[in-house]
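Derivation of every value follows stated rules applied to the coordinates shown; laboratory data play no part. It should be emphasised that the depicted structure is a prediction, and the values quoted were computed from it without experimental measurement. Please note: Cβ atoms are built from the backbone with ideal geometry, for glycine as well, and neighbour counts cover all protein chains shown.
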Ligand code: BGC
């Protein structure tokens with residue numbers, strides 16, 4: 001901010017318009033409507049938005065370790081998705097769009113399905129099973145309206161993390177059975193309504209340790225493809241998101257869980273292989289198959305006791321910064337979806353949303369409610385970042 005202002009001041013005082021014009025251009029929305037084709041991340045930077053920056057800045061202010069504070073401050077300029085995790089957060093969307101420049105893409109997570117987080121407790125949402133009409137009219141419709149009113153800004157949407165993967169592997173749970181219809185119809189509605197030219201969408205596909213099992217690849221791809229078809233095959237759905245809020249490495253050979261039975265029946269031993277395997281399954285099922293991969297917290301491996309351990313993994317570090325330079329033509333970008341420092345779930349066993357995964361021996365404790373800032377966890381992520389800050 002300071003740099004831009006002084007650049008503008010110099011330009012004005014020199015009577016030169018070119019520097020000023022360039023400065024303003026890099027801070028403003030595009031002057032014409034954005035039509036996203038191909039890899040939308042190529043040539044655009046994932047927006048480092050003000051809400052995450054404010055969390056980071058508050059965390060930095062609380063640090064007495066000066067060298068750690070200097071590193072932590074850099075997080076404010078790393079692109080990170082913003083989660084629309086309840087209806088009231090939609091009020092922030094227009095402001096976030098307005099601060100996004102023409103050379104940037106704003107990352108937004110769509111996350112408010114009725115009966116949300118059906119196989120766990122930590123992220124149960126505000127909408128009860130059966131509230132599909134509310135999801136459509138009070139959640140998706142207003143989001144569509146705001147995005148449609150801002151056609152000159154690029155947005156990337158991750159659609160409903162964990163929802164369809166839960167229907168594939170957790171259909172034995174009553175909660176997931178009850179949520180199934182609402183998930184399928186809600187996701188299809190989101191894909192249909194948010195199919196705007198300035199938007200690219202990626203439907204969540206869990207991670208390699210989830211739908212990557214031999215037996216899960218085809219049913220998983222078919223479940224996602226059904227939503228795509230039900231939505232009328234929206235052109236702006238580019239494929240799938242993986243490792244959202246996850247811990248898997250992009251490339252690790254042999255894989256962290258490359259021992260029987262995981263290694264025997266699951267070839268998706270890292271997210272690179274998962275993108276290829278699930279991408280092929282999606283192509284067979286008739287759905288676009290490009291991917292974005294969350295590398296926000298995957299710097300350190302060998303921390304989890306089991307592949308499925310998902311809550312506040314202890315010892316984690318910030319991973320590779322967002323980039324479209326992935327080395328895999330199916331992977332459009334590495335992105336940071338989970339805002340590092342925000343909790344995955346409370347470790348307080350007496351809390352209503354306590355999930356036992358957040359009390360496991362490999363989970364960082366104490367931890368506050370999902371989405372709430374955990375200063376000590378953030379500091380650990382900074383310390384363990386690879387590449388380091
Ligand atoms: C929480 C959301 C939060 C998101 C990002 C999820 O686990 O349920 O409330 O916005 O994480 O931190």
Exercise. With springs only between Cα atoms under 10 Å apart, run a GNM on the chain and tell me which of 152, 328, 243 wobbles the most.
Key: 328
Practice problem: Give the relative contact order (percent, whole number) for the range 50-130; include only Cα pairs under 8 Å separated by 6+ residues. | Solution: 23
Quiz item: Just for the chain, what percent of DSSP beta bridges are antiparallel, to the closest 5?
Solution: 10
Exercise. Please find, in a Gaussian network model of the chain (springs between Cα atoms separated by less than 10 Å), the residue of 293, 320, 259 whose mean-square fluctuation is greatest.
Key: 259
Exercise. Take 274, 228 and order them by how many other Cβ atoms sit within 10 Å, fewest up front.
Key: 228, 274
Exercise. Return 270, 112 ranked ascending by Cβ neighbour count within 10 Å, so the fewest neighbours appear first.
Key: 270, 112
Quiz item: Among 92, 35, 66, which one moves the most in a GNM of the chain with springs linking Cα atoms closer than 10 Å?
Solution: 66
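Using a Förster distance of 22 Å, how high is the FRET efficiency between residue 383 and residue 301, based on the Cβ-Cβ distance and rounded to 0.05? Present the calculation step by step, with values, prior to reporting the outcome.
On the way: r = 16 Å, r/R0 = 0.73.
After rounding, the FRET efficiency stands at 0.85.
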Quiz item: Which whole number in µm²/s is D for the chain by Stokes-Einstein, with the Kirkwood Rh taken over Cα pairs at 37 °C and 0.692 mPa s?
Solution: 154
Quiz item: Can you give me the relative contact order of the chain as a percent, contacts being Cα pairs under 8 Å and 6 or more apart?
Solution: 15
Quiz item: For the residue pair residue 264 and residue 74, what label-to-label distance in nm results when each label sits 7 Å from Cα along the Cα-to-beta-carbon direction?
Solution: 4.4
Quiz prompt | Neighbour-count ranking [beta-carbon atoms within 10 angstrom, fewest first] of 358, 118 | solution = 118, 358
Quiz item: From the square roots a ≥ b ≥ c of the eigenvalues of the alpha-carbon gyration tensor of the range 21-105, which class results: rounded (a/c under 1.5), prolate (a/b over b/c), or oblate?
Solution: prolate
